[in-house]
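Peer 1: Structure in structure tokens, see below.
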Amino acid sequence: MKYKIFVDGQEGTTGLKIHDYLSKISNIEVIKIESEKRKDYEARRALINEADVVFLCLPDSASKDSVSMISNNKTKIIDASTAFRTNQDWTYGLPELHKNQRIKIQNSSRVSVPGCHATGFILAIHPLVAEGIIPRDYPTSCYSLTGYSGGGKSLISEYQNSNREQLFAPRQYALNLNHKHLPEMQLYSGLNSAPLFTPIVGNYYQGDAVTIPLFPRMFIKNVTARDIQELLASYYKDEHFIRVIPYDSEAYLEDGFFNLMQCNNTNYLDIFVFGHKDEILLVSRFDNLGKGASGAAIQNMNIMLGLDEGLGL
Ligand SMILES: NC(=O)C1=CN([C@@H]2O[C@H](COP(=O)(O)OP(=O)(O)OC[C@H]3O[C@@H](n4cnc5c(N)ncnc54)[C@H](OP(=O)(O)O)[C@@H]3O)[C@@H](O)[C@H]2O)C=CC1
Ligand SMILES: CC(=O)N[C@@H](CCC(=O)OP(=O)(O)O)C(=O)O
């Protein structure tokens, strides 16, 4: 039997990339909506209820509408928006979070795909909180460098169709310090408060690096940067998509600079630990359209359907 898969939002950035991944998986049937009917309630409702798995690649409000259209017990939903990420009736689609998370995803019919910046932050910090290294009330901060595809069709169009000089420089945003990923960053990192977080969009299509400074003098346990690298490497040792880079490796450097695009077009997330004296820097590198969105969505589908987790990725 072939599983029927529908992508609501099939012509958006995340939806198109999900279709790319689906085209590499043979034992499924992708059902599509006619382009001019992609916002038609009845047409969407029919396909949503016909499908075994529906990916929602829509703005939050449209995602909520799609969920309200389901009138059967069969359809499994994987939502890429922010709408359900901290909703306790949904499962957070980050299988590497801890041992039980993959099983929860497997048994769930409602899975939310983590936000891209949140993915980078949580995967680097959560093990350190869970292992009692960082106190829960530790005040974290981080910044994330992201390609403009993270902003969807409208930001892509702005970058690709405008010659405005200010688009050539990196641009900070969410300077109200209230980015929409903060609730999930707090909830799934295990910290008592969200990080002080500033994202920065650059003039390139895809690729993300989340950078987190840490001060070990404020930790519960006395550890070095090398200890942190070893702890993270051990935590993720069985995780195919999480690569903790050896301490002191300089393989990440190209002409002396960090290349944040090296995970592009893969579902890998690389964690780097840098250290000097009493200071540590964690960097998570990944593709905002891979592990940061569409790749993660496909990984979740594979888990939910009992397929090989790396299929298509
Ligand atoms: N881009 C990224 O890296 C990431 C995006 N996400 C999330 O995924 C979701 C989709 O984002 P993204 O793909 O970037 O966005 P895009 O703007 O690129 O695409 C959104 C798509 O949804 C369609 N759409 C909008 N409203 C409706 C509606 N009412 N009914 C049906 N279709 C509708 C749009 O139609 P039209 O073609 O007419 O514009 C468009 O094709 C968002 O919630 C976003 O936050 C999550 C992680 C990363
Ligand atoms: C450049 C840019 O605008 N990026 C988006 C991130 C998109 C993403 O991961 O997250 P959501 O699913 O939560 O939209 C942003 O920071 O809002």
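The values are calculated or read from the model by the stated rules, or taken from the named source; none is laboratory data. Since this is a predicted model, take the numbers as computed values, not measurements. Here the Cβ is made from the backbone with ideal geometry for all residues, glycine too, and neighbour counts use every protein chain on show.
Peer 1: What are the pairs, 6+ residues apart or on separate chains, where a residue within segment 143-172 that is part of a strand (DSSP E or B) has its Cβ under 7 Å from a residue that is within 14 Å of ligand 2 (Cβ to nearest atom) and polar (S, T, N, Q)?
Peer 2: Pairs found: Tyr143/Thr198; Thr146/Asn288; Gly147/Gln206; Gly147/Asn288; Gln172/Thr198.
Peer 1: Let me ask you something else. So, in segment 13-60, of the ones that are charged (D, E, K, R) and under 21 Å from Lys2 (Cβ atoms), which residue ends up surrounded by the fewest Cβ atoms within 10 Å (Cβ to Cβ)? It would help to see each step written out before you state the result.
Peer 2: The first filter runs over segment 13-60 and keeps only residues charged (D, E, K, R), leaving 17, 20, 24, 29, 32, 34, 36-40, 42, 44-45, 50, 52, 60.
Imposing the further condition that a residue be under 21 Å from Lys2 (Cβ atoms) reduces the set to 20, 24, 29, 32, 50, 52.
Details: Asp20: 14, Lys24: 10, Glu29: 13, Lys32: 13, Glu50: 14, Asp52: 19.
Among those that are charged (D, E, K, R) and under 21 Å from Lys2 (Cβ atoms), it is Lys24.
Peer 1: Here is a further query. Would you confirm, using the coordinates I've provided, whether Ser112 is farther than 26 Å from Ile280 by Cα, surrounded by fewer than 13 Cβ atoms within 10 Å (Cβ to Cβ) and within 13 Å of ligand 1 (Cβ to nearest atom)? Walk me through it before giving the result.
Peer 2: Numbers: farther than 26 Å from Ile280 by Cα: yes; surrounded by fewer than 13 Cβ atoms within 10 Å (Cβ to Cβ): no; within 13 Å of ligand 1 (Cβ to nearest atom): yes.
For Ser112, the condition - farther than 26 Å from Ile280 by Cα, surrounded by fewer than 13 Cβ atoms within 10 Å (Cβ to Cβ) and within 13 Å of ligand 1 (Cβ to nearest atom) - is not met.
Peer 1: Let me ask another. Please indicate, with yes or no, whether at least one residue in segment 150-172 is away from ligand 1 (no atom under 16 Å from the Cβ), within 22 Å of Phe272 (Cα to Cα) and not aromatic (Phe, Trp, Tyr).
Peer 2: No, segment 150-172 has no match at all.
Peer 1: Take the residues of segment 68-94 that are touching a residue at least 40 places away in the same chain (Cβ under 8 Å) and out of contact with any Asp or Glu (no Cβ under 6 Å at 6 or more places or on another chain): which is nearest to ligand 2 (Cβ to nearest atom)? It would help to see each step written out before you state the result.
Peer 2: Here is the first cut: in segment 68-94, the ones touching a residue at least 40 places away in the same chain (Cβ under 8 Å) are 76, 78, 80, 82, 85-86, 92-94.
Subset that is out of contact with any Asp or Glu (no Cβ under 6 Å at 6 or more places or on another chain): 76, 78, 80, 92-94.
On the way: Lys76: 19, Ile78: 12, Ala80: 6, Tyr92: 13, Gly93: 12, Leu94: 13 Å.
So the residue we want is Ala80.
Peer 1: Here's another thing I want to ask about it. Going through Tyr188, Tyr204 one at a time, which residue ends up being hydroxyl-bearing (Ser, Thr, Tyr), within 15 Å of ligand 1 (Cβ to nearest atom) and assigned by TED's automatic domain parsing to the domain that holds Phe258? So that I can check it myself, show each step before the final result.
Peer 2: Values: Tyr188 fails: within 15 Å of ligand 1 (Cβ to nearest atom).
Going through Tyr188, Tyr204 in turn, just one is hydroxyl-bearing (Ser, Thr, Tyr), within 15 Å of ligand 1 (Cβ to nearest atom) and assigned by TED's automatic domain parsing to the domain that holds Phe258: Tyr204.
Peer 1: Hey, among His117, His126, which residue is under 13 Å from the mean Cα position of the chain (by Cα) and buried (at least 20 other Cβ atoms within 10 Å of the Cβ)?
Peer 2: Numbers: His126 fails: under 13 Å from the mean Cα position of the chain (by Cα).
Every option except His117 fails the conditions.
Peer 1: Looking at segment 1-105, what strands (runs of 3 or more DSSP E) fall wholly within it and have at least 3 residues that are touching a strand residue (DSSP E or B) at 6+ places or on another chain (Cβ under 9 Å) and not β-branched (Val, Ile, Thr)?
Peer 2: Working: elements: 3-8, 28-31, 53-56, 76-79.
Once the strands (runs of 3 or more DSSP E) in segment 1-105 are filtered for at least 3 residues that are touching a strand residue (DSSP E or B) at 6+ places or on another chain (Cβ under 9 Å) and not β-branched (Val, Ile, Thr), what remains is 3-8.
Peer 1: Tally the residues that are within 16 Å of ligand 2 (Cβ to nearest atom) and among the hydrophobic types (A, V, I, L, M, F, W, C), restricting the search to segment 37-66. Reasoning before the result, please.
Peer 2: So the first thing to find is which residues in segment 37-66 are within 16 Å of ligand 2 (Cβ to nearest atom), and the list is 55-64, 66.
From what's left, among the hydrophobic types (A, V, I, L, M, F, W, C): 55-58, 62.
Qualifying residue count for the region: 5.
Peer 1: Could you list, in sequence order, all residues of segment 45-68 that are aliphatic (A, V, I, L, M) and more than 17 Å from Ser112 (Cα to Cα)?
Peer 2: Of the residues in segment 45-68, the ones aliphatic (A, V, I, L, M) are 46-48, 51, 53-54, 56, 58, 62, 67.
Ala46, Leu47, Ala51 - these are the residues of segment 45-68 that are aliphatic (A, V, I, L, M) and more than 17 Å from Ser112 (Cα to Cα).
Peer 1: Follow-up. Can you tell which of Pro114, Pro139, Pro135 is within 16 Å of ligand 2 (Cβ to nearest atom) and in a loop (DSSP other than H, G, I, E, B)?
Peer 2: Numbers: Pro139 fails: within 16 Å of ligand 2 (Cβ to nearest atom); Pro135 fails: within 16 Å of ligand 2 (Cβ to nearest atom).
On inspection, the qualifying residue turns out to be Pro114.
Peer 1: With Ile228, Ile220, Ile280, Ile242 as the choices, which residue is within 19 Å of Leu94 (Cα to Cα) and aliphatic (A, V, I, L, M)? Quick ask: steps written out before the conclusion?
Peer 2: Numbers: Ile228 fails: within 19 Å of Leu94 (Cα to Cα); Ile220 fails: within 19 Å of Leu94 (Cα to Cα); Ile280 fails: within 19 Å of Leu94 (Cα to Cα).
That would be Ile242, the only listed residue that is within 19 Å of Leu94 (Cα to Cα) and aliphatic (A, V, I, L, M).
Peer 1: Now a separate question. Looking only at segment 173-193, count how many residues are surrounded by 19 or more Cβ atoms within 10 Å (Cβ to Cβ) and either touching a residue at least 24 places away in the same chain (Cβ under 8 Å) or over 22 Å from Ile133 (Cα atoms) (or both). So that I can check it myself, show each step before the final result.
Peer 2: So the first thing to find is which residues in segment 173-193 are surrounded by 19 or more Cβ atoms within 10 Å (Cβ to Cβ), and the list is 179, 181-182, 184-186, 188-189, 191.
Subsequent filtering for residues that are either touching a residue at least 24 places away in the same chain (Cβ under 8 Å) or over 22 Å from Ile133 (Cα atoms) (or both) retains 179, 181, 184-185, 188-189, 191.
Going through segment 173-193 one residue at a time, the tally reaches 7.
Peer 1: Moving on. Only residues that are hydrophobic (A, V, I, L, M, F, W, C), within 16 Å of ligand 2 (Cβ to nearest atom) and over 14 Å from Val54 (Cα atoms): list them for segment 17-28, please.
Peer 2: If the condition is that a residue be hydrophobic (A, V, I, L, M, F, W, C), within 16 Å of ligand 2 (Cβ to nearest atom) and over 14 Å from Val54 (Cα atoms), then no residue fits.
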